[in-house]
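Written below as structure tokens is the structure these notes are about.
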Amino acid sequence: MSSGRQRSFCKKAALEKAMIVFWCNGYSGTSLADLTEAMGINKSSLYAAFGNKEALFNQVLDFYLELHGSSHSRHLFEQQHTLQERLKNYLSSIARMLTDANLPKGCLICSSTSELAGSCLPEKSSQIIAMINRKTVDFLTEFLKNEQKEQHLTADCDINKIANYLLTLQFGLAVSARNGSELAELLAVIDRAIECFNNTVSL
């Protein structure tokens, strides 16, 4: 191999390694040297395959959502369970991911959201994070509206407030996991949240 030829590598594997670095350190706490060391490539290869640090981070966000963000929602549509059971299973699935011993603790989206303050993220990345959070609330709002139509929720429920509550709860679980809380502790919080839900909005 000539000295000027780039070493080949698996782009998906490199992207996953970059995801772990950003997940552990945050955007502002991650350097190009951190990324190239973890990914096993040089800066030229990184720029050629992914662009600059911001472009790589934005690709990591999509990769993270595909790998760890989209699977939880299936629990919401398991119609053999009550709405309360489905919400509990949805949140419990998230809690298990947040405390998975094979992954960094917490949630990349939650950690990145905390970096929005103080201009820690580039503008495009900030827009992507804000959009992800809006889409999550929109998804939950639409889901709950359908549940209300099916009379699984009372007609006077403020659906948007419940959706925002669920997202806030997810962020709280993520921060607790990041702070060292174990799965059993998060599940206890979820149990209490569902109990409060039952007392306030269920039929």
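The values are calculated or read from the model by the stated rules, or taken from the named source; none is laboratory data. Computed from a predicted structure; not experimentally measured. Every residue, glycine among them, receives a Cβ derived from its backbone with ideal geometry; neighbour counts consider all protein chains shown. To get the accessible areas, we keep the full protein, side chains included, count just its heavy atoms, and leave off ligands, DNA and RNA. Shrake-Rupley method; radii C 1.70, N 1.55, O 1.52, S 1.80 Å.
Remark: pairs (first residue in region 14-28, over 13 Å from LYS53 (Cα atoms); second residue open to solvent by 20 Å² or more (accessible area, probe 1.4 Å) and aliphatic (A, V, I, L, M); Cβ separation under 6 Å; 6+ apart in sequence or on different chains) = LYS17/ALA38. For the residues LYS105, LYS145, LYS88, the requirement of being of a type outside the set (A, V, I, L, M, F, W, C) and farther than 20 Å from ILE190 by Cβ singles out LYS145. Examine region 36-56 for a residue that is among the β-branched types (Val, Ile, Thr) and surrounded by fewer than 16 Cβ atoms within 10 Å (Cβ to Cβ), and state whether such a residue exists. No, every residue in region 36-56 fails to be among the β-branched types (Val, Ile, Thr) and surrounded by fewer than 16 Cβ atoms within 10 Å (Cβ to Cβ).
Taking region 78-98 as the range and being surrounded by 21 or more Cβ atoms within 10 Å (Cβ to Cβ) and either part of a loop (DSSP other than H, G, I, E, B) or within 16 Å of the chain's Cα centre (by Cα) (or both) as the test, the residues that pass are TYR90, LEU91, ILE94, ALA95, LEU98. Within region 105-115, does at least one residue satisfy the condition of being among the basic types (Lys, Arg) and within 15 Å of the chain's Cα centre (by Cα)? For region 105-115, residues among the basic types (Lys, Arg) and within 15 Å of the chain's Cα centre (by Cα): present.
Looking at this structure, is ALA18 outside any loop (DSSP other than H, G, I, E, B), surrounded by fewer than 13 Cβ atoms within 10 Å (Cβ to Cβ) and touching a helix residue (DSSP H, G or I) at 6+ places or on another chain (Cβ under 9 Å)? No, not satisfied.
What do you reckon, is PHE143 part of a helix (DSSP H, G or I), closer than 17 Å to LEU83 by Cα and open to solvent by less than 50 Å² (accessible area, probe 1.4 Å)? Answer is yes for this residue. Screening region 99-122 for residues that are among the aliphatic types (A, V, I, L, M) and part of a helix (DSSP H, G or I) and picking the one that is surrounded by the fewest Cβ atoms within 10 Å (Cβ to Cβ) gives ALA117.
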